[in-house]
Structures are given as C-alpha cells and as structure tokens.
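After the structure tokens below, expect a handful of questions from me.
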Amino acid sequence: MRIRKAEKTEYEVVRAFYHTLIDEMQDTEYHPKWQKDIYPAPEDLRPAIENGELYLGFEGESIAAAMAVNHTCSEEYAGAPWPERLSADEFLVIHMLGVRVGFQRKGFAKEMVRFVLGMAEESGMKAVRLDVLEGNLPAERLYEGLGFRYVDTLLLFYEDTGRVRFRLYEYPTRRAALNRICTDNGTPPAIRLAIQGRAHPEGVPRFPAAGAGSAAGTRPVAASKFRTASAEKEENGAL
C-alpha cells in the first residue's frame, strides 16, 4: 500500500470515498454509525485536508483507505486515567480510519495504523490515542494486536452517535517507554537521549526527521465531531 497526504484539490474525491464507504457498511455487523456529511462532515474533512492531516492509502490507483491524524480529541479525554498526563502536542490521535470493503482481508488497516506509529516515533511523540465504539470487537482486536492498551470506557458525544460508550486506547511510543524506564532507574540525561535515538518499533516505517507528517502547529478541527472507526474486514470480521 502507498500512503500519502490528500492534496488540497482532492476534497470531493475524499468525500466520495467516505460516502461510498458508508454505503458499503450499511449492512455490516459492526457498523460504526457514520452518516453522510454528518460524520465525517465537510467541516471535518476540509480542515483536515487543508492542514495536511488527511492521509490516503492506495492499492494501485484506487483509494483503499483513508484517515485523519492530528492532536485533536474529545474534551472528555481529559477525564480518562491515562498512564501519563500529556499535553496535546505530545500525542497523536487517529480519526476516521476506514477501509473500503473491496480491499478487505489484506491488512490495510494495520498498514495505516503502523504508518501513524512510525510518524509518532520519528516526530518525538509520546503516544498515539484513539477511541472505538463499544462493541466493535474486530477494531478492538486490531488495535490491541498492534500494541495499543485499553485505558477506559467513557460516554462521549459525537454528532452521528449521540452520547454513547467508547473504549479509549493508547499506544505508548518506544521513546516514551524508555524515558520512563530511564527516569525510574536514574539514567543520566545524555545516556537517556542516546538510547532514545536508537529506539524504533519493529515493523514500523521510518520517516525523515523533517516533515515527518505530524499535525503539530496546524489548525485543529472541532474536537467533538472527530473520532475513529474502521470498516475493513480482517480474518475476524468487520472493523
């Protein structure tokens, strides 16, 4: 799979992708309850594309998957028992992850998520966070299989679902984990930095230090409407 940022001229292409995806998911067991132009809404998609936060995954010339990645999350995240209190610019959040039904069972959702994990590692983030609609078991298995840790279940409000229960997950980057270990062990800062510089998760792509793709410094979209889900069917069902 080839992954790149959506071009600023591709709004209608991205909108059509999500509309088709929503149509394909209507009769699936784990429907994430997305609705056309409600979630993802134009006011979600346009800023994400303009700010370079919307990523497309291609199989050949066809768009197989899409997602948004930035520092924006629901206000309710602040009340969750995260392992470490982080400022918004210290973690990335995955939103609107979806894979077309015609590209099921190919591991594309995993590739998209691993892309974000690599982005987080190379840009010095401490974590990647997201939420999953409670009961979406394949999505939960996907993220847990990639190393995400379940944190808590909270009532979150989104335009398409209303106030319902979502499971929160966090992936701690290697650098953050090593920093905690070194801090606990009293490792000197210079040695700690040297160790962190060599830290990199297996199977995660590397990115150049410049332009690593994080959304730092860009204009956020409405946090109350931005969330994540996936429609890819892996071996264990629809995500």
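We did not get these values from a lab; they are worked out from the coordinates using the rules stated. Treat the numbers as computed from the prediction; the structure is a model and nothing was measured. We place every Cβ from the backbone using ideal geometry, glycine too, and count neighbours over all the protein chains shown.
Calculate, for Arg149 and Ala78, the FRET efficiency according to 1/(1 + (r/R0)^6) with r their C-beta to C-beta distance and R0 22 Å; round to the nearest 0.05.
Numbers: r = 18 Å, r/R0 = 0.83.
Computed FRET efficiency for Arg149 and Ala78: 0.75.
Also, quick follow-up: In which sequence would Lys33, Lys126, Lys8 go, from the one with the fewest C-beta neighbours within 10 Å to the one with the most?
Details: Lys33 16, Lys126 21, Lys8 12.
Neighbour counts put them in this order, fewest first: Lys8, Lys33, Lys126.
Hey, can you grab everything whose amide H is under 5 Å from the amide H of Thr173? Only 5+ residues off in sequence or another chain; H modelled, so Pro and N-termini drop out.
Ala127, Val128
Another one. Where Lys and Arg each count +1 and Asp and Glu each count -1, what net charge lies around Gly60 among other residues with Cβ under 13 Å from its Cβ?
Values: positive: Arg2, Arg100, Lys106; negative: Glu59, Glu61.
Local charge sum for Gly60: +1.
Let me ask something else. Separation between the His19 and Glu50 pseudo-spin-labels, each 7 Å from Cα along Cα→Cβ, expressed in nm?
It works out to 2.1 nm between the two label points.
A follow-up question, please. Expected output is a single nm value to one decimal: the length gained when fully extending between Lys5 and Asp37, i.e. 0.36 nm times separation in residues minus the C-alpha distance. What is it? Write out the running numbers ahead of the final one.
Numbers: separation 32, 0.36 × 32 = 11.52 nm, distance 2.09 nm.
Net length gain for the segment: 9.4 nm.
Something else now. Sort Thr161, Thr72, Thr28 by Cβ crowding within 10 Å, fewest neighbours at the top. Working shown, then result.
Details: Thr161 19, Thr72 25, Thr28 15.
Least crowded to most crowded, the residues run Thr28, Thr161, Thr72.
Oh, and also: From the mean inverse distance of alpha carbon pairs (Kirkwood) and the Cα radius of gyration, derive Rg over Rh for region 30-134. If you can, show how the numbers build up before the last one.
Details: Rg = 14.4 Å, Rh = 15.0 Å.
Using Cα coordinates only, the ratio equals 0.96.
Also, quick follow-up: Using r as the Cβ-Cβ distance of Asp89 and Phe157, and R0 as 25 Å, what FRET efficiency do you calculate, to the nearest 0.05? Can you show the working numbers first?
Values: r = 24 Å, r/R0 = 0.97.
In this case the efficiency is close to 0.55.
Full extension from Glu29 to Val101: what is 0.36 nm times the residue separation minus their Cα-Cα distance, to one decimal in nm? Don't jump to the answer; show the numbers that get you there.
On the way: separation 72, 0.36 × 72 = 25.92 nm, distance 1.29 nm.
Between Glu29 and Val101, full extension yields 24.6 nm more.
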